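The values are calculated or read from the model by the stated rules, or taken from the named source; none is laboratory data. Everything numeric here is computed off the predicted structure, so don't read it as measured data. Glycine gets a Cβ as well: all are built from the backbone with ideal geometry, and neighbour counts include every protein chain shown. For accessibility, only protein heavy atoms count, side chains too; no ligands or nucleic acids. Shrake-Rupley method; radii C 1.70, N 1.55, O 1.52, S 1.80 Å.
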Amino acid sequence: MDVVEQLDAWEAHYKATFLAHYEATGETNFKSYEYVRNEETPSGKALDLSSSKLAFITSSGAYLKDNQEAYDAEHALGDYTTRPIPQATALGDMAFAHTHYDHKWVNEDPQALVPLRLLETLQSEGMIGSLADTVISFHGYTPDVTRIVNELVPRVIGMVKDQAADAALLVPA
């Protein structure tokens with residue numbers, strides 16, 4: 001099963017409308033943007049999380065403010081890079097570079113989008129077997145689905161596999 005059904009048709013429409021308008025004017029026009037519409041949902045086998053290693057993924061634009069470069073949140077076509085964050089990171093060591101959501105709640109409590117301490121509690125209570133050592137962070141404003149499928153998803157899957165995780169939890173921003 002394809003992650004995105006009819007990706008070639010989506011890409012042709014994107015290039016002919018949204019991207020062409022951006023290249024001609026320097027402005028984004030979401031009235032012409034076509035969202036992905038899949039008929040089938042990709043899925044896998046069920047797992048017992050109490051005996052599984054869980055990788056945590058966030059599209060909040062989280063990064064380590066003292067030693068990682070912030071995402072290019074202002075780029076009109078998005079930022080498709082990732083930032084690995086140690087799972088044991090203190091919440092105050094993170095910042096959020098993302099201009100496409102209201103930061104009120106995540107600034108008040110980073111666990112609104114990156115619930116690391118909650119996941120640790122679930123692990124200590126036996127609900128999760130173990131947590132992967134590294135949180136995978138990316139910037140959720142990524143309008144080019146082709147780049148998501150061809151660049152971002154393989155990189156994230158590689159990071160999950162490198163940690164030998166059995167499952168992944170994505171908390172979108």
At 1.4 Å probe size, with no ligands or nucleic acids counted, give the accessible surface of ARG155 in Å², nearest ten.
90
Classify region 73-173 from the C-alpha gyration tensor, please: rounded if a/c falls under 1.5, else prolate or oblate depending on whether a/b exceeds b/c.
oblate
Using helices alone, what [θ] at 222 nm do you get for the chain, with -39,500 (n - 2.57) per DSSP H run of 4 or more residues, divided over all residues and rounded to the nearest 500?
-5500 deg cm²/dmol
Value of relative contact order over the chain, rounded to a whole percent, pairs C-alpha under 8 Å and six or more apart
34
Which ³J(HN,Hα) values in Hz, rounded to whole numbers, follow from the phi angles of region 52-66 under the Karplus curve 6.51 cos²θ - 1.76 cosθ + 1.60, where θ = phi - 60° and Gly and Pro get x?
10, 8, 10, 8, 9, 10, 10, 9, 7, x, 6, 8, 7, 5, 8
Starting from the residue with the highest accessible area, list GLU120, GLU69 in decreasing order, probe 1.4 Å.
GLU69, GLU120
Using the Cα gyration tensor of region 105-153, with a ≥ b ≥ c the square roots of its eigenvalues, what is the shape: rounded (a/c below 1.5), prolate (a/b larger than b/c) or oblate (neither)?
oblate
Placing +1 at every Lys and Arg Cβ and -1 at every Asp and Glu Cβ, with all other atoms neutral, what dipole size does region 1-90 have around its Cα centre, in debye to the nearest 20?
340
Could you compute how much accessible surface SER51 exposes when probed at 1.4 Å, giving the result in Å² to the nearest 10?
90
Given backbone amide H placed at 1.01 Å from N, residues whose amide H is under 5 Å from that of VAL135, ignoring those fewer than 5 places away on the same chain, are ILE85, GLN87
Can you grab the distance from the C-alpha centre of region 12-88 to the C-alpha centre of region 99-131, Å, no decimals?
19
What is region 1-125 by shape, rounded, prolate or oblate, if you read a ≥ b ≥ c off the alpha carbon gyration tensor as root eigenvalues and call it rounded for a/c under 1.5, prolate for a/b larger than b/c, and oblate otherwise?
oblate
Where does the charge balance sit around SER130 when Lys and Arg score +1, Asp and Glu -1, over other residues with C-beta under 10 Å from its C-beta?
-1
Charge sum, other residues only, whose C-beta stays under 11 Å from GLU5's C-beta, Lys/Arg counted +1 and Asp/Glu -1:
-3
Please state the charge dipole magnitude for the chain, taken about the Cα centre, from unit charges on C-beta atoms (+1 on K and R, -1 on D and E), reported in debye and rounded to the nearest 20.
200
Once you list every other residue whose beta carbon is under 12 Å from the beta carbon of ALA88, what net charge do they have if Lys and Arg are +1 and Asp and Glu are -1?
-2
Taking amide H positions as placed 1.01 Å from N in the peptide plane, with prolines and chain starts having none, which residues 5 or more places from SER130, or on another chain, fall under 5 Å of its amide H?
SER52, LYS53, LEU54
Rounded to the nearest 10 Å², what accessible area does LEU170 have for a 1.4 Å probe in the complete protein model?
90
